[in-house]
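The values are calculated or read from the model by the stated rules, or taken from the named source; none is laboratory data. This structure is a prediction, so every number in the text was calculated from the model and none was measured. Reconstructed Cβ throughout: ideal geometry from the backbone, glycine too, with neighbour counts over all protein chains shown.
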Amino acid sequence: MKKIVLSALVLWTLGAFVLTPCLQGQGTVSVNNMNGTGTLDSTAFGLFWDVDSAPYSATPINVTILAGPDANSLTPIVTLAGPNALVSAGPGRYVDPSGGIYAIPGVASGQLATLQVLAWIGDAATFGAANPAEHVFYPFGGVSYVPPTLFTFTNPTGGSTPASLDGMPAMWRILDVPEPGTLGLFALGALLLGLRVLWRRKRLR
């Protein structure tokens, strides 16, 4: 029994020596917002929020995390969905149940990285397949909530001890978000209506 325990200890120690330099040389993150303390308009240390403006805690949250040294160099580093989705650790706070450590290509340990968080609920296997009007979380962009595919933020990194998603802003599940095409048609209709009103006023003069 002692030999088995000793062998396991030796293997664990060797594994630590092999893996630690790799992780220390590259920036790493863990997928959680355990340090989140913010409000609906937080630009960092954000929480996940539900449609009723209360911190979200109902069901697992699926995420795809993209990261890189800048916004033009993003690559997917992990997707956690379905049985691997994030689980609630308190109102608005979610954690990766595997406790995974994810390396960011092109970013050294301790340096800032650029991240993008695509988060959704439901059974869709990918963010692209999720319903944007019901299941998607939208990040706060400093002035308003914006499409998650168009928003990035900077985040600290670690090495063998990863950094949390402290740079993530508030993420709000907003219902019935109009698509860009819908907004464009609405604006065009308003313009045409205004022109018609002006034309009728001129006719009456």
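Residues to consider are Thr114, Thr79, Thr75, Thr43; find the one that is within 21 Å of Ile174 (Cα to Cα) and touching a residue at least 12 places away in the same chain (Cβ under 8 Å). It would help to see each step written out before you state the result.
Numbers: Thr114 fails: within 21 Å of Ile174 (Cα to Cα); Thr79 fails: within 21 Å of Ile174 (Cα to Cα); Thr75 fails: within 21 Å of Ile174 (Cα to Cα).
None of the other options fit; the residue is Thr43.
Give Val87, Val107 a once-over and let me know the one that is hydrophobic (A, V, I, L, M, F, W, C), farther than 14 Å from Pro76 by Cβ, surrounded by fewer than 19 Cβ atoms within 10 Å (Cβ to Cβ) and in contact with a Pro (Cβ under 6 Å, 6 or more places away or on another chain). Talk me through it step by step, then tell me what you get.
Numbers: Val107 fails: surrounded by fewer than 19 Cβ atoms within 10 Å (Cβ to Cβ).
On inspection, the qualifying residue turns out to be Val87.
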Worksheet item: So which residues in the stretch 137-146 are part of a loop (DSSP other than H, G, I, E, B) and either touching a residue at least 12 places away in the same chain (Cβ under 8 Å) or surrounded by 14 or more Cβ atoms within 10 Å (Cβ to Cβ) (or both), if there are any at all?
Response: Gly141, Gly142, Val146
Worksheet item: Do you know which residues across the stretch 26-37 are surrounded by 18 or more Cβ atoms within 10 Å (Cβ to Cβ) and either of a type in the set (A, V, I, L, M) or within 12 Å of Pro91 (Cβ to Cβ) (or both)?
Response: Val29, Val31, Asn33, Gly36
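I'd like the full set of residues that are in a strand (DSSP E or B) and either of a type in the set (Gly, Ala, Ser) or out of contact with any strand residue (DSSP E or B) (no Cβ under 8 Å at 6 or more places or on another chain) (or both), limited to the stretch 69-118. First the steps, then the outcome.
Step one: filter the stretch 69-118 for residues in a strand (DSSP E or B), giving 75-80, 86-88, 94-95, 102-103, 113-118.
If the condition is that a residue be in a strand (DSSP E or B) and either of a type in the set (Gly, Ala, Ser) or out of contact with any strand residue (DSSP E or B) (no Cβ under 8 Å at 6 or more places or on another chain) (or both), then Ser88, Ala103, Ala113 are the ones that fit.
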Worksheet, complete the sentence: Scanning the stretch 119-136 for residues that are buried (at least 21 other Cβ atoms within 10 Å of the Cβ) and either touching a Gly at 6+ places or on another chain (Cβ under 8 Å) or in a strand (DSSP E or B) (or both) gives Ala119, Trp120, Ala130, Val136
Discussion item. As an exercise: evaluate Gln116 against (1) closer than 26 Å to Thr39 by Cβ; (2) over 12 Å from the mean Cα position of the chain (by Cα); (3) crowded, with 19+ Cβ neighbours inside 10 Å; (4) of a type outside the set (A, V, I, L, M, F, W, C) and give the number of the one condition it does not meet.
Written reply: (2)
Worksheet item: Within the bounds of the stretch 174-181, is there any residue that is farther than 27 Å from Tyr56 by Cβ and modelled with pLDDT under 95?
Response: yes
Discussion item. Would you confirm whether or not the stretch 151-173 contains a residue that is touching a Phe, Trp or Tyr at 6+ places or on another chain (Cβ under 7 Å), at negative phi, surrounded by fewer than 21 Cβ atoms within 10 Å (Cβ to Cβ) and of a type in the set (Asp, Glu)?
Written reply: yes
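Which residue is surrounded by the fewest Cβ atoms within 10 Å (Cβ to Cβ), if the candidates are limited to the stretch 64-84 and must be aliphatic (A, V, I, L, M) and closer than 27 Å to Leu40 by Cβ?
Restricting attention to the stretch 64-84, the residues satisfying the condition of being aliphatic (A, V, I, L, M) are 65-67, 71, 74, 77-78, 80-81.
From what is left, the residues that are closer than 27 Å to Leu40 by Cβ are 65-67, 71, 74, 78, 80-81.
Details: Ile65: 23, Leu66: 20, Ala67: 27, Ala71: 14, Leu74: 19, Val78: 17, Leu80: 23, Ala81: 20.
In this case the residue turns out to be Ala71.
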Worksheet item: Which one of Ser88, Ser98, Ser109 is of a type in the set (S, T, N, Q), on the phi < 0 side of the Ramachandran plot and in contact with a Gly (Cβ under 6 Å, 6 or more places away or on another chain)?
Response: Ser109
